[in-house]
Amino acid sequence: MSDHPALHAAAKTGAPVLCLFVVDDTAGRAPGAATRWWLAQSLRSLGAAIAARGGSLVLRKGPAAKVIGEFARESGARAVYWNEIAQAPHRAVESQLAAMLARLGIGSQSFPGDLLVPPSVIRTKDGRGLRVFTPFWRRLLSLGDPPKPLPAPKQLRPAPNIAGDVLESWRLEPSKPDWAGGLREAWTPGEASARARLRDFLSHTVRRYVGDRDRPDRDGTSGLSPHLRFGELSPRQIWHAARFATDDDPALGPGIAKFLSELGWREFCRHLLHDHPNLATANLQTNFDGFPWKRDAKALAAWQRGRTGYPIVDAGLRELWHTGVMHNRVRMVVASFLVKHLLIDWREGEAWFWDTLVDADAGSNPANWQWVAGCGADAAPYFRVFNPQLQGEKFDPDGTYVRRWVPELEDMPARLIHRPWQATPIELASAGITLGKTYPQPIVDHAKGRERALAAYTTIRKG
């Protein structure tokens with residue numbers, strides 16, 4: 001409820017306030033299974049917070065413009081307020097809604113959404129969005145601090161009760177089977193949890209952020225991405241809290257600067273999505289449209305299940321399945337393995353992440369996959385093919401992360417845990433491992449996979 005400009009403006013009028021949440025499967029991309037679970041918890045938390053201030057949250061489903069227009073007429077509303085979403089489907093809904101409300105004689109007002117700056121502010125001289133992050137970030141920093149976040153209304157003047165849907169009728173949560181136990185274990189959705197995570201991060205974790213953010217064996221990241229994804233915390237709140245922390249303790253400067261640049265990358269991806277609504281399906285660099293991707297259902301399934309034979313890759317995918325997130329460094333290794341070692345289309349990986357990540361963001365998810373594949377904005381060089389063994393040894397040197405998520409390797413010594421295929425028969429037997437049975441052999445040889453990837457990339461670039 002904090003830093004919600006539309007709610008803040010509505011409450012300031014002193015009129016009764018009705019809060020409406022609409023699920024519109026026709027506007028934008030349908031959420032994946034993990035984000036549907038989070039949405040259910042988030043709505044319960046939001047409903048309780050609104051009720052504690054005297055208001056009520058009404059849930060409805062259907063085409064957003066039609067549903068909101070009918071709700072406004074049904075409730076006798078004098079005005080409708082909303083926060084903008086800088087994505088093509090949502091802008092179309094806003095346009096339809098504004099026209100409908102005008103015909104009904106109902107006022108309307110929109111407010112800046114969940115970005116630091118509108119996409120229209122950062123453009124090239126010919127009006128296009130920037131495609132390289134560093135100049136984008138410099139431009140954003142040159143604009144100064146974004147507006148200060150708004151406080152949550154202390155009180156909402158109650159309005160007459162209007163019927164809405166029962167949350168459970170939306171079937172957002174899994175039942176048979178209930179696969180969300182790991183999500184419940186790992187997360188507490190809602191604004192209160194988001195604010196507590198931010199406080200804890202700025203009080204403790206940020207001091208070690210520069211070094212620890214790449215270490216999946218350590219608690220070195222903020223854990224704020226799903227809260228940002230669902231608007232439980234705004235980027236403006238994070239920005240100002242971080243700046244205040246730096247003012248209070250200058251020693252935090254390097255960690256804060258790096259953290260804010262990660263917030264800037266999220267912003268960059270959202271701006272890309274604004275300019276390229278088909279970011280999840282179309283290569284930003286069109287010369288990749290003829291790339292020789294391989295169709296390999298067996299390899300894709302092994303990757304999805306965390307059964308590739310490369311421990312750091314398998315640990316990441318199992319962490320994802322259990323908790324709904326994956327450490328950022330491991331995401332890069334896992335994605336690189338799919339698109340380069342296996343030559344499987346980046347869209348397959350993007351779709352899997354979209355369904356299984358609780359922080360699946362319509363901008364960041366496809367933009368990051370395109371970055372790894374080399375076909376996106378500011379893309380990684382095509383010749384960068386992560387060696388999963390070396391990545392594991394560098395960023396999980398003791399094997400702590402792998403042992404947590406790949407327990408069949410827990411007795412493997414640290415020097416071998418990222419390359420069990422190089423262990424002797426005696427070493428494997430001592431660790432209780434039978435390669436090909438208790439833990440898979442690598443599904444592709446790293447050197448051969450890298451050679452094949454470079455050949456494929458060279459071909460497309462020649463074309």
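A simple charge model with +1 on the Cβ of Lys and Arg, -1 on the Cβ of Asp and Glu and nothing else charged puts the dipole of the stretch 5-113 at about 120 debye relative to its Cα centre. Residues whose amide H falls under 5 Å from that of Y439, counting only those 5 or more places apart or on a different chain, are T434, with hydrogens built in the peptide plane.
The calculated FRET efficiency for the pair K294 and W421, based on their C-beta separation and a Förster distance of 30 Å, comes to about 0.85.
So how do 81-91, 330-340, 267-277, 156-166 stack up, highest first, on mean other-Cβ count within 10 Å?
Packing proxy ranking, top to bottom: 330-340, 267-277, 81-91, 156-166.
In plain terms, the chain from N278 to S95 could stretch by 63.9 nm, reckoned as 0.36 nm per residue minus the Cα-Cα distance. Histogrammed with a bin width of 5 Å, the alpha carbon distances of the stretch 166-298 distribute as 2, 8, 13, 15, 14, 13, 14, 11, 7, 2, 0 percent, first bin at zero. The angle between the Cα long axis of helix 64-75 and the longest principal axis of the Cα atoms of the chain comes to about 30 degrees, rounded to the nearest 10. Please list, in order along the stretch 181-192, the HN-Hα scalar couplings obtained from phi with the Karplus expression 6.51 cos²θ - 1.76 cosθ + 1.60 (θ = phi - 60°), rounded to whole Hz, x for Gly and Pro. Once θ is set to phi - 60°, the couplings for the stretch 181-192 become x, x, 5, 5, 5, 8, 9, 10, x, x, 5, 4 Hz. A Förster radius of 25 Å combined with the Cβ-Cβ distance from D355 to K66 puts the calculated FRET efficiency at roughly 0.35. Near the amide H of V80, within less than 5 Å, lie the amide hydrogens of G107, S108, Q109, all on another chain or at least 5 residues away, with H placed in the peptide plane.
Which net charge results for the neighbourhood of D178, defined as the other residues with beta-carbon distances under 13 angstrom from its beta-carbon, given Lys and Arg at +1 and Asp and Glu at -1? Mind showing how you got there, number by number?
Values: positive: R171, K176, R184; negative: E173, E185.
That sum, taken over residues with Cβ under 13 Å, equals +1.
Just order 7-13, 98-104 by mean Cβ neighbour count inside 10 Å, highest at the front, would you?
Working: 7-13: 17.6, 98-104: 14.9.
Going by the mean number of other Cβ atoms within 10 Å, highest first, we get 7-13, 98-104.
With both labels modelled 7 Å from their Cα along Cα-to-Cβ, the V210 to W170 distance reads 4.3 nm. When the charge dipole of the chain is built from unit charges on Cβ atoms (+1 for Lys and Arg, -1 for Asp and Glu) and taken about the Cα centre, the candidate among T281, S336, P16 whose Cα reaches farthest toward its positive end is T281. State the answer as a single residue: which of T26, S75, S95 lies farthest towards the positive end of the charge dipole of the stretch 5-113, with beta carbon charges of +1 for Lys and Arg and -1 for Asp and Glu, about the Cα centre. Towards the positive end, the residue furthest out is S75. Based on alpha-carbon atoms, the Kirkwood radius and the radius of gyration of the stretch 5-113 give Rg/Rh equal to 0.95. Annotation: extensible slack from A102 through R305 equals 67.9 nm (criterion: 0.36 nm per residue apart, minus Cα-Cα distance). Distance distribution note for the chain: the fraction of Cα pairs above 31 angstrom is 47%. Show log10 I(q)/I(0) for the stretch 286-462 at q = 0.11, 0.15 Å⁻¹, two decimals, from a solvent-free Debye sum over equal Cα scatterers. For the stretch 286-462 at q = 0.11, 0.15 Å⁻¹, log10 I(q)/I(0) is -0.45, -0.82.
Pairs K125/K258; K12/K148; K298/K437; K294/K448; K12/K61; K258/K394: which are spaced more than 23 Å apart, C-alpha to C-alpha? Correct reply: K125/K258; K12/K61.
Coordinate-derived values only; no laboratory data. A quick note: this is a predicted structure, and the numbers were derived from the prediction, not measured. Reconstructed Cβ throughout: ideal geometry from the backbone, glycine too, with neighbour counts over all protein chains shown.
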